[in-house]
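*Asks:* Supplied in structure tokens, the structure appears directly below.
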Ligand code: RNT
Ligand code: ZN
């Protein structure tokens, strides 16, 4: 593909960045190596293919935009379109309820074979895959408790689900030749005043220890645990809080997951990366956008997204921080939602890679905070968009808003017929 105005703008931008000691070609080469894990659940409002049971667990997809995927084939077709509009090679983050088994399989009995069509697809398209046990939308999670449940039988069922999921993660890792991150999030919590906050947490420790007892080669599968502040119907107490999982992850050597929507409204995950990574070996991010609550809005290029990317790039964390997305908006075209959020994540990473960080660091270490602030502000209006456009052009994906026409066409020809 050639596009003279995009190429010309890039050459000028390249010169501007070079004046600050930034190599734009190098930045784009580095960007190409950073995968983003697209969450399958944006494609069908976290429905999955296991049963028609509605979404539970205190999370909610609002909206009823037509055309959601109803089968694994439809979901893969939608994903294929999304990936074709996003520069670079990216991963898929699959939830256990998206199995393609052709029959009902109990969650504690799921096996890699139930995900064979996903593995084949990922192999063919060169996507790595990540995985998630599903601890919601199930009769055995109906009272809001799973791994911390008082009932031993229910705990056992969910422990078995966790064990089964790690084996599926291991199979993904082996068959796709790239490590799978298997992320554990459970909805357990109480709506109202709690007397015994200790017992459920002690039970959760035991359940998790049982799930992680078997060692799996970290080349194939890494485990992560995701804490949360509250959910709908579990406003007063969450068993797996951030503090709980931070301590658990560090003491057990598993990954910690930081979801952007799982903290108090003014608390941001970008501030946490360098703190947690002094102790935890790796992190998984659920990049999301909370609007007043954990609303899981589509990720936009806002200050926090820039800040997350800056922390990853400035600190050299690209191998330690696994970037996953986690949002579900059912009020707009779902393929567009993937494309918008993922392109934004990549844009933020590019912006961070184009930062004259060495120079900023020098200002800081020499105590010249005036220059630090001045430069940080000047950087904001450098011709970053010209580099982004060129990166898209080079990657063979639409430049600027041109991708939208492809989504509209697909909506008219495919989605509107569902
Ligand atoms: C819920 C968590 C969790 C889910 C997905 C579907 O608050 O963020 O990560 O969004 O597992
Ligand atoms: Zn999440």
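The values are calculated or read from the model by the stated rules, or taken from the named source; none is laboratory data. Please read these numbers as outputs of a predicted model, since none were measured by experiment. For neighbour counting, all protein chains shown are included, and Cβ atoms are generated from backbone atoms with ideal geometry for every residue, glycine included.
*Asks:* Just to be sure, is residue 171 closer than 14 Å to residue 94 by Cβ and either out of contact with any helix residue (DSSP H, G or I) (no Cβ under 6 Å at 6 or more places or on another chain) or away from ligand 1 (no atom under 16 Å from the Cβ) (or both)?
*Replies:* Details: closer than 14 Å to residue 94 by Cβ: yes; either out of contact with any helix residue (DSSP H, G or I) (no Cβ under 6 Å at 6 or more places or on another chain) or away from ligand 1 (no atom under 16 Å from the Cβ) (or both): yes.
Yes.
*Asks:* Something else about it: Do we find that residue 258 is modelled with pLDDT of 95 or more and part of a loop (DSSP other than H, G, I, E, B) in this structure?
*Replies:* When the stated conditions are applied, residue 258 does not pass them.
*Asks:* Assess whether residue 48 counts as being touching a strand residue (DSSP E or B) at 6+ places or on another chain (Cβ under 8 Å), in contact (Cβ under 8 Å) with a residue 12 or more places away in the chain and crowded, with 17+ Cβ neighbours inside 10 Å. Give the derivation first.
*Replies:* Details: touching a strand residue (DSSP E or B) at 6+ places or on another chain (Cβ under 8 Å): yes; in contact (Cβ under 8 Å) with a residue 12 or more places away in the chain: yes; crowded, with 17+ Cβ neighbours inside 10 Å: yes.
Against the criterion (touching a strand residue (DSSP E or B) at 6+ places or on another chain (Cβ under 8 Å), in contact (Cβ under 8 Å) with a residue 12 or more places away in the chain and crowded, with 17+ Cβ neighbours inside 10 Å), residue 48 qualifies.
*Asks:* Ok, one more. Which residue, of 411, 378, is over 20 Å from the mean Cα position of the chain (by Cα), free of Cβ contacts under 8 Å to residues at least 12 places away in the same chain and either surrounded by fewer than 21 Cβ atoms within 10 Å (Cβ to Cβ) or part of a helix (DSSP H, G or I) (or both)?
*Replies:* Result: 378 is the single residue among 411, 378 that is over 20 Å from the mean Cα position of the chain (by Cα), free of Cβ contacts under 8 Å to residues at least 12 places away in the same chain and either surrounded by fewer than 21 Cβ atoms within 10 Å (Cβ to Cβ) or part of a helix (DSSP H, G or I) (or both).
Let's see how each residue does on (1) closer than 24 Å to residue 202 by Cα; (2) out of contact with any strand residue (DSSP E or B) (no Cβ under 6 Å at 6 or more places or on another chain); (3) away from ligand 1 (no atom under 16 Å from the Cβ):
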residue: 253; (1), (2), (3): yes, yes, yes
residue: 262; (1), (2), (3): yes, yes, no
residue: 266; (1), (2), (3): no, yes, yes
residue: 269; (1), (2), (3): no, no, no
residue: 273; (1), (2), (3): no, yes, yes
residue: 277; (1), (2), (3): no, yes, yes
residue: 287; (1), (2), (3): no, no, no
residue: 290; (1), (2), (3): no, yes, no
residue: 293; (1), (2), (3): no, yes, no
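*Asks:* Ok, one more. Which of the residues belonging to region 111-149 are in a loop (DSSP other than H, G, I, E, B) and over 30 Å from residue 191 (Cβ atoms)? Talk me through it step by step, then tell me what you get.
*Replies:* Narrowing region 111-149 to residues in a loop (DSSP other than H, G, I, E, B): 111, 126-128, 133-138, 142-149.
Scanning region 111-149 gives 111, 126, 127, 128.
*Asks:* Would you check if there is a residue in region 285-301 being within 16 Å of ligand 2 (Cβ to nearest atom) and assigned to a helix (DSSP H, G or I)?
*Replies:* Checked region 285-301: no residue is within 16 Å of ligand 2 (Cβ to nearest atom) and assigned to a helix (DSSP H, G or I).
*Asks:* Any residue that is modelled with pLDDT of 95 or more, part of a loop (DSSP other than H, G, I, E, B) and under 30 Å from residue 316 (Cα atoms) - is there at least one of those in region 73-86?
*Replies:* Yes, because at least one residue in region 73-86 is modelled with pLDDT of 95 or more, part of a loop (DSSP other than H, G, I, E, B) and under 30 Å from residue 316 (Cα atoms).
*Asks:* Please give the number of the condition residue 342 fails out of (1) closer than 30 Å to residue 256 by Cα; (2) assigned to a loop (DSSP other than H, G, I, E, B).
*Replies:* Failing condition for residue 342: (2).
*Asks:* Taking the residues in region 156-190 that are buried (at least 22 other Cβ atoms within 10 Å of the Cβ) and in a strand (DSSP E or B) as candidates, determine which candidate is nearest to ligand 2 (Cβ to nearest atom).
*Replies:* Result: 183.
*Asks:* Looking at region 66-78, which of its residues are crowded, with 23+ Cβ neighbours inside 10 Å and in contact (Cβ under 8 Å) with a residue 60 or more places away in the chain?
*Replies:* In the first step, residues of region 66-78 are kept if they are crowded, with 23+ Cβ neighbours inside 10 Å; the result is 69, 75, 78.
Scanning region 66-78 gives 69, 78.
*Asks:* Check off (1) under 13 Å from the mean Cα position of the chain (by Cα); (2) part of a loop (DSSP other than H, G, I, E, B); (3) over 21 Å from residue 40 (Cα atoms) for residue 355 and give me the number that stays unchecked.
*Replies:* (1)
*Asks:* Next up: Taking residue 222, is it under 18 Å from residue 138 (Cβ atoms) and buried (at least 22 other Cβ atoms within 10 Å of the Cβ)?
*Replies:* In short, no.
*Asks:* Separate question: If the requirement is being assigned to a helix (DSSP H, G or I), modelled with pLDDT of 95 or more and under 22 Å from residue 269 (Cβ atoms), which of these qualifies: 223, 243?
*Replies:* 243 is the lone residue from the list that is assigned to a helix (DSSP H, G or I), modelled with pLDDT of 95 or more and under 22 Å from residue 269 (Cβ atoms).
*Asks:* Could you please give the count of residues in region 174-207 that are under 22 Å from the mean Cα position of the chain (by Cα) and within 16 Å of ligand 1 (Cβ to nearest atom)?
*Replies:* 9
*Asks:* Assess whether residue 335 counts as being under 26 Å from residue 179 (Cβ atoms) and more than 16 Å from ligand 1 (Cβ to nearest atom).
*Replies:* no
*Asks:* Suppose we keep only residues that are assigned to a loop (DSSP other than H, G, I, E, B) and without any contact (Cβ under 8 Å) to a residue 24 or more places away in the chain within region 261-284. Which one would you say is nearest to the chain's Cα centre (by Cα)?
*Replies:* 272
*Asks:* When you check residue 248 against the structure, is it in contact with a helix residue (DSSP H, G or I) (Cβ under 6 Å, 6 or more places away or on another chain) and in contact (Cβ under 8 Å) with a residue 40 or more places away in the chain, yes or no?
*Replies:* Judged against the criteria, residue 248 is not a match.
*Asks:* Against the condition surrounded by fewer than 23 Cβ atoms within 10 Å (Cβ to Cβ), touching a helix residue (DSSP H, G or I) at 6+ places or on another chain (Cβ under 7 Å) and touching a residue at least 40 places away in the same chain (Cβ under 8 Å), how does residue 237 come out, does it pass?
*Replies:* Considered against the rule, which asks whether it is surrounded by fewer than 23 Cβ atoms within 10 Å (Cβ to Cβ), touching a helix residue (DSSP H, G or I) at 6+ places or on another chain (Cβ under 7 Å) and touching a residue at least 40 places away in the same chain (Cβ under 8 Å), residue 237 comes out as no.
*Asks:* Which count do you get for residues in region 302-317 that are farther than 17 Å from residue 344 by Cα and either within 13 Å of ligand 2 (Cβ to nearest atom) or in contact with a helix residue (DSSP H, G or I) (Cβ under 8 Å, 6 or more places away or on another chain) (or both)?
*Replies:* Result for region 302-317: 3.
*Asks:* Continuing with the same structure: Would you mention how many residues in region 381-408 are without any contact (Cβ under 8 Å) to a residue 24 or more places away in the chain and outside any helix (DSSP H, G or I)?
*Replies:* Residues in region 381-408 being without any contact (Cβ under 8 Å) to a residue 24 or more places away in the chain and outside any helix (DSSP H, G or I): 1 in total.
*Asks:* Mind checking which residues of region 41-60 are farther than 30 Å from residue 316 by Cβ, within 14 Å of ligand 2 (Cβ to nearest atom) and modelled with pLDDT of 95 or more?
*Replies:* Hits for region 41-60 are 41, 46.
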